[in-house]
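As C-alpha cells, the structure follows; a few thoughts come after it.
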Amino acid sequence: MELQVLVSKKGTKVVTASNLHQVLQLANHHFLANVKKWLDDVYEFHDGIRKPVKMQDYARRKIKGNPIMEDYYLSVEFAKLITLNTRSKVKQKYANRLASMDNKYESSPRLTKEQVLNIMELTKTMSLVSCQESCEKEHFKTYEERNGGHAAYWQTHRSEVLGRRTKTNKPQKSTAVRRYDKKSLRAKLFQSDKYEMIRTGVIDLFMAMGKNSKYAAYVGDLAKYFAKELNLEIIDDRNAAITFPNEQINTHLANQINNFDRNNLLTGWR
C-alpha cells in the first residue's frame, strides 16, 4: 500500500490517519490506541513545541456508511512528526516523503503586521543587557527541562542554535550565564558586532518560549536588521539607574522579559 496524499478544497495537503497507520506497518488492532496517543502527544511544530490543534493540524474524517469508525485527516507536517515518533521500521522512507511535500514553511515564515511591530519593540528593548541575560537564563532553563534536568551540552546546543561553530562536543559546565567581563561572549560581541547581542537575545527568548530553532533564528535575524536600521546603542542597565534615550525602551516589555512568564509574554506568538 502507498501513502495517499489528498488535497482539500483550499489546496491543503493532508493524509488520513488510517492510511498512515497502514503504510507504517503498525498492527491494525493498535489503530485506535495509537491515534488517541498521536492526538494527545507533544511535538515540535514549525511554530513551537505544543500539542496538535484541532482544525489546524487535524480534523475528524466522516466515513459514509460507517459513522462509528474513527479516522482523521492529518496535515502533512503533523503526519511527518507522527511518523518520526513511531517505532515503524519504514518510518524514514515515509518521513522523507512527507518532508518533501511539506513546503509550507520552506520560505521565510509569514508574520502578521502586529508581529512585525512587536519585533520592532522587542528589538529596541533587547538593547538592554539585563534583558539579554534574562533570555539566556530562560533558554537555559528550557533546555535543561527538555533534557530531564541535564545540561552537559548546553553550550554546544546554544552555539548550534545561534549558528556558531563549536570547538568541542565534550560536556560543558551548566552555568547559564557568565559574568560580563573581558572574556565573556557578550563583551566580545560588544566590541566586534554589538547588534549580534540583540539577535542572540531574541533567539534565546523565542527558544525559551518553546519555538523551534529555525523560527527563532529567523526572528533574531530580523531583529538584528532592525537594530542596524535604528542604529541602536547597547545599554548596560544592570548596575545603575539609567535614562532611556529617545523613548527607546518599552519599560513594560522589559519588565515582562526580566520577570519571565511564558503565559503573558508576546501572546501574539502563542
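The values are calculated or read from the model by the stated rules, or taken from the named source; none is laboratory data. Model, not experiment: these values are computed from the prediction. Note that we place each Cβ from the backbone using ideal geometry, even for glycine, and neighbour counts take in every protein chain shown.
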Limited to region 131-156, what total is found for residues that are touching a helix residue (DSSP H, G or I) at 6+ places or on another chain (Cβ under 6 Å), assigned to a helix (DSSP H, G or I) and farther than 17 Å from Asn212 by Cα? 3
Considering only region 7-77, give the strands (runs of 3 or more DSSP E) lying wholly within it that have at least 3 residues that are modelled with pLDDT of 85 or more and among the hydroxyl-bearing types (Ser, Thr, Tyr). 72-75
May I ask you to list the residues in region 219-238 that are surrounded by fewer than 17 Cβ atoms within 10 Å (Cβ to Cβ) and either of a type in the set (S, T, N, Q) or over 16 Å from Ser130 (Cα atoms) (or both)? Asp221, Tyr225, Lys228, Glu229, Leu230, Asn231
Restricting to region 1-42, and then to whatever is surrounded by 13 or more Cβ atoms within 10 Å (Cβ to Cβ) and small (Gly, Ala, Ser), can you tell me which residue is nearest to the chain's Cα centre (by Cα)? Ala17
